[in-house]
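What follows draws every value from the coordinates through simple rules; no lab data is involved. This is a predicted model, so every value here is computed, not measured. No Cβ is skipped: glycine too gets one built from the backbone with ideal geometry, and neighbour counts run over all protein chains shown.
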Amino acid sequence: MEATHVSVMKDEVLAAMMIKTGSVAVDGTLGLAGHGSEMAKQAAPGGLFIGFDWDQQMLNRAKEKLADISDVEVKLFHADYRELPEKVREACTEAGRPPYADAILLDLGLNNAQIEDAERGISFRNEGPLDMRMDRSQGEPASALLNRIGPAELEQILWDFGDERWARRIAKVVVERRKSQPLKTTADLVDCVMAAIPAAKRDQRLHPATRTFQAIRIYLNGELDGLEECLIEIGQVLSEEGVLVVLSYHSGEDRAVKQAFKYLADTDDFENVTRKPILPSEAEIAANGKARSAKMRVLKRKRISENS
Ligand SMILES: C[S@@+](CC[C@H](N)C(=O)[O-])C[C@H]1O[C@@H](n2cnc3c(N)ncnc32)[C@H](O)[C@@H]1O
């Protein structure tokens, strides 16, 4: 059976966006369209729904789900959301509408269907090839990276993208092990982490390999590259009263969102609706542990100035 995904903070996201019938709603990280299908329904009748995912498999599954929704025009792109501003302007113009979106969602990171697929090598829980690429037609797998880079560079990656306090020791173990046995599988990396972090010092709530896997994946896929600049550009395609909602799952992501929203709010054309991020309720975390690290921020456009 194919794995599913439980959408995070769905009620809070939909309440913040207040999508009206006939409006333009955009999901930049469609996944299995858990949020996206609700957004499309709210935009019907007469609305335009635009979705993006850089993973073709996710896009195919989202397309099936969206096919059941009537009275809304749907346009899907197999693309990075960094292309969102340009593609949204084009899609709106093609549909005979002004080149602005009334609601935009970015639910960053991965969905559960990707994590559970052992062949992708994303999760420490499923043994598989140590790959981790979102687009397997490009770049190198995680195994090649880990068998190549120096200890200082690896330590920096674990620290910057995983907040891993055992970064130095983990990097040292990886570099030592690969001399006799290059890393090939997710289990090889888990073994290195376990050897590096003393049993008595392990976090009881998080699997010891969580931060390492997250850090390597974010770095390998360039998930934070240009995120702040990209969010600033995305703000420019909001309509007057249009709302951008971002869900992030890691301190580096949230920092970029916070800075981009602050930059835009300083121009006076935007309102930073959430000075402090909104967090999932305890009930949601109890029902879906994967929501634990989510932070939601909301930005609203107040006006479109002539020079913007
Ligand atoms: C957390 S999931 C979205 C889940 C979705 N909101 C739902 O409820 O079903 C994030 C999705 O965004 C996609 N993604 C991540 N970074 C992306 C990027 N830079 N461009 C396009 N898609 C991206 C991933 O492939 C994944 O399917």
Tell me the volume per residue, in Å³, of the convex hull enclosing the alpha carbons of the stretch 194-265. 108 Å³
Just the C-alpha atoms of the stretch 111-164: what Rg/Rh do they give, with Rh taken as the Kirkwood radius? 0.99
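Compute the normalised compactness of the chain: alpha-carbon radius of gyration over 2.2 N^0.38 Å, N being the residue count.
1.04
Under a Cβ-Cβ cut-off of 12 Å, what is the net charge of the residues other than residue 152 that fall near it, where Lys and Arg count +1 and Asp and Glu count -1? Walk me through the intermediate numbers first.
On the way: positive: 168, 172; negative: 153, 155.
With Lys, Arg at +1 and Asp, Glu at -1, the neighbours total 0.
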Rg (Å, one decimal) plus Dmax (Å, integer) for the alpha carbons of the stretch 161-231? 13.7, 44
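Would you calculate a helix-derived [θ] at 222 nm for the chain, using -39,500 (n - 2.57) for each DSSP H run of n ≥ 4 and dividing by the full residue count, to the nearest 500? Can you show the working numbers first?
On the way: 13 runs with 128 residues, N = 308.
It lands at -12000 deg cm²/dmol.
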With viscosity set to 1.567 mPa s at 4 °C, what whole-number translational diffusion coefficient in µm²/s follows for the stretch 173-308 from Stokes-Einstein and a Kirkwood radius over Cα pairs? 73 µm²/s
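Rank the residues 5, 35, 207, 78 as a footprinting-exposure proxy: fewest other Cβ atoms within 10 Å of their Cβ go first.
On the way: 5 21, 35 24, 207 16, 78 13.
With the sparsest Cβ surroundings first, the list reads 78, 207, 5, 35.
Work out the length of the dipole vector of the chain about its Cα centre, built from +1 on the beta-carbon of each Lys and Arg and -1 on the beta-carbon of each Asp and Glu, and round it to the nearest 20 debye. Numbers along the way, then the final one.
Numbers: 42 positive and 50 negative charges, 238 e Å.
In total the dipole reaches around 1140 debye.
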Can you sort 179, 41 from fewest to most other Cβ atoms within 10 Å of each residue's own Cβ? 179, 41
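What does the highest-first list of 98-104, 172-178 look like by mean Cβ count within 10 Å?
Details: 98-104: 21.4, 172-178: 17.9.
Sorting 98-104, 172-178 by mean packing, highest first, produces 98-104, 172-178.
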Can you give the % of DSSP beta bridges in the chain that are antiparallel, to the nearest 5? 35 percent
I need the Kirkwood Rh of the stretch 120-220: take the reciprocal of the average 1/r across all distinct C-alpha pairs and report it in angstrom. 13.3 Å
Among 29, 4, 274, which comes first, then next, by fewest other beta-carbon atoms within 10 Å? 4, 274, 29
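Exactly which trypsin sites (Lys or Arg not before Pro) in the stretch 232-299 are in a DSSP loop and have at most 13 other Cβ atoms within 10 Å? Provide the component values of the computation, followed by the final result.
On the way: sites: 255, 258, 262, 275, 290, 292, 295, 297; in loops: 275, 292.
Loop-located and lightly packed - 275.
Which FRET efficiency value, to the nearest 0.05, is calculated for residue 271 and residue 56 with the Förster distance at 41 angstrom and r the Cβ-Cβ distance?
Numbers: r = 36 Å, r/R0 = 0.89.
Once the sixth-power term is evaluated, E becomes 0.65.
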Could you size up the charge dipole of the stretch 120-220 around its Cα centre, putting +1 on the beta carbon of Lys and Arg and -1 on that of Asp and Glu, and report it in debye to the nearest 20? 220 debye
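At R0 = 45 Å, how high is the FRET efficiency between residue 305 and residue 11 if r is their beta carbon distance? Nearest 0.05 is fine. Don't jump to the answer; show the numbers that get you there.
On the way: r = 33 Å, r/R0 = 0.74.
That gives a FRET efficiency of 0.85.
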Per residue of the stretch 31-48, what does 6.51 cos²θ - 1.76 cosθ + 1.60 with θ = phi - 60° give for ³J(HN,Hα)? Whole Hz please, x for Gly and Pro, Karplus curve as stated. x, 8, 6, x, 6, x, 5, 5, 4, 5, 4, 5, 7, 7, x, x, x, 10
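Within a Cβ distance under 14 Å of residue 72, other residues only, what is the Lys/Arg minus Asp/Glu net charge?
Working: positive: 20, 41, 63, 65, 75, 97; negative: 27, 38, 68, 71, 73, 102.
Computed value for this residue: 0.
Of all GluC sites (Glu not before Pro) in the stretch 228-308, which ones are in loop regions per DSSP and have a Cβ with at most 12 other Cβ atoms within 10 Å? Walk me through the numbers before you get to the answer.
Working: sites: 228, 229, 233, 240, 241, 253, 271, 282, 284, 306; in loops: 306.
The qualifying sites are 306.
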Bin by bin, in steps of 10 Å, what percent of the Cα pairs in the stretch 1-147 do you find, going until the bin that has the longest distance? 11, 39, 31, 14, 4, 0
With the contact rule set at Cα under 8 Å and sequence spacing of 6 or more, what percent relative contact order holds for the stretch 120-220? 36 percent
